[in-house]
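Report on one structure; see the data block that follows.
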Amino acid sequence: MTSLQVVVRLMEHPEMSAQQRLMIALERAAGTMARLDQALSMHPLRSAFLYRFRLDAVRRQAMVDGQLIEPWHLAALLEGVRLRMDPWLSLAERGDIFDAARHALSMHQWIVEPDFDQEGEIQVAMKAIERDVERASPLLGAAHAAHAWLAGGGRRAPLRGALIRFWQQSGLLHLPVPITGPQALGGDLPFDRESWIPLLLHALANEAAAAQDLLRDLDRAWQVARASIGKRRKNSRAAKAIDILAATPIISAKSLADRLGMNVANAHALLGELLEAGLVVELTHRSKRRLFGLSGMGRMRDYVAPPRRPQPGRGRGRPRIEREMPEPAPPAGLPPAPSGGVLPRLAFDFSDLEEAMAAADAAIRETRISLDRIRQAGRPEADHQRLGVGETR
C-alpha cells in the first residue's frame, strides 16, 4: 500500500468534513515545500540534487503513464552512451525497453528544455493556472487548475512543465524542482473535484519529502567521501576534487582539470587514486571520453555497455552468440531389449502419389506450351515495330 493510499483511508473518516480534509492537505503540502526550499537555499549540492531528482521524477511520471524506466538507464541515455542489454532478450523485450527510454527522454525534455511546440503548450497550461490562482492561494489555485485541465482532456506533460514553472513564479520554490504529484494520477483513486484536490496536495507533499530525503543522502555521501580522503599534503587537490564531483554528478577528466586548474594527465592521476580508494567510480567502460562520479553513481555503470571493439581474427558482421550447452546427463541403465522374431515387412501403396505427380507434370507441360505460344505470338509484332522505327529514322 502506497503512502497516498494510506492518506485516502485516513481521509475517509466519517467525522472529517471535506473542508477539514482540504485544509489538512493544504497545510501539509505548504509545510513540506517550505522546508525543502529552505534546505535547498544556498546548498552547495543544488546542481547534483536537481540532476538526480529529475531522474527520479521522470521514473515516477513514467510509471503512472504505464512505462517502466530505470533512472540510471535514463542517465546513460542523457550522456550519450550505449545501453547495456541482456543478449538473451527477445526483439519484443528490446523494443519495450527502447519505447520506455524514448518516453522517458521525452518527459525529461518537457521538464528541462522543451522545444518550440512544447513551449507553446506549457504557456497555455500556465495561463490556465494563473486564472485559477487569482481566486485562491498559489497551492490551492494550482490544484484547482490541474483538476480542471485534466478533466477537460488536457495532456499531462504540459501541465507538469507548467507546475514546475509556477512553483518558481509564485515563490514557493526558488529552484525548478520537478514536483508534480504523479501519485495522484493513479487509476484506482477518485477523480471528483472534492476528493482529488486533497489527494494532489498530499502527493505534492510526499514528493517534496522524498526530495528532502534525497538531498540528505547526497549530503551524507559527500561528507563521508570528504572524511575518507585522510590526511594529505597541504597542496593536495583531492578534497576540492571531491567537492566538484559531489556538486557535478558526472564529469570528465578534462572538465575536472579545467575546474582545478591543472593539466589533464594530473587530473587522470588524481582520479586514479580516488578510484583505488573506492571514492569515485568510472561510469563508461571506455579508454577515451571517460566519465566519473562519486561512488553513489555506481549503479549507472551497470546500465552502460562497453564500446564495441573488434576481436583479432574475426571477420565483419555480428558475432555469433554461443549458447552454453547443458552438461549431458549420465546415461541411465536401459532395460534389456525384448527378444522376438523379425518384424514383417510392410507394403505401402504409392498409387495416389504417382497419380498426383503425373497430374503435376501434365500441368507443367501445358503451362510451358501456353507460354511458348504467347512468346511466339508477340515476336512478329515486336519485329514489325522495330522495322517501323528504323524506317522513320
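The values are calculated or read from the model by the stated rules, or taken from the named source; none is laboratory data. Fair warning: this is a prediction, and the values are worked out from it, not measured in the lab. Quick reminder, even Gly has a Cβ in these numbers, built from the backbone with ideal geometry, and neighbours come from all protein chains shown.
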Next item on the list: Of all residues in the stretch 168-198, count the ones that are aliphatic (A, V, I, L, M), within 25 Å of the chain's Cα centre (by Cα) and closer than 19 Å to residue 23 by Cβ.
Entry: 1
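Which fully enclosed helices (runs of 4 or more DSSP H) of the stretch 42-151 have 2 or more residues being exposed (fewer than 13 other Cβ atoms within 10 Å of the Cβ), modelled with pLDDT of 90 or more and not acidic (Asp, Glu)?
Values: elements: 46-64, 71-78, 91-112, 116-133, 138-151.
Filter on the stretch 42-151 gives 116-133.
Looking at residue 228, is it touching a residue at least 40 places away in the same chain (Cβ under 8 Å) and more than 21 Å from residue 43 (Cα to Cα)?
The answer is yes for residue 228.
If you check 94, 160, 131, 155, which single one turns out to be basic (Lys, Arg), within 19 Å of residue 53 (Cα to Cα) and assigned by TED's automatic domain parsing to the domain that holds residue 32? Reasoning before the result, please.
Details: 94 fails: within 19 Å of residue 53 (Cα to Cα); 131 fails: within 19 Å of residue 53 (Cα to Cα); 155 fails: within 19 Å of residue 53 (Cα to Cα).
Within the list 94, 160, 131, 155, the selection yields 160.
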Check: Is it the case that the stretch 50-59 has a residue that's assigned by TED's automatic domain parsing to the domain that holds residue 107 and in contact with a Ser or Thr (Cβ under 9 Å, 6 or more places away or on another chain)?
Finding: yes
Note to self: Looking at 269, 257, 227 in this structure, which one is within 21 Å of residue 49 (Cα to Cα) and modelled with pLDDT of 85 or more?
What the structure shows: 227
Note to self: What's the number of the only condition in (1) under 26 Å from the mean Cα position of the chain (by Cα); (2) more than 30 Å from residue 281 (Cβ to Cβ); (3) at pLDDT below 95 that residue 218 fails to meet?
What the structure shows: (2)
Note to self: Conditions first: (1) in contact (Cβ under 8 Å) with a residue 60 or more places away in the chain; (2) crowded, with 19+ Cβ neighbours inside 10 Å. Residue 210 passes all but one, so which condition is the exception?
What the structure shows: (2)
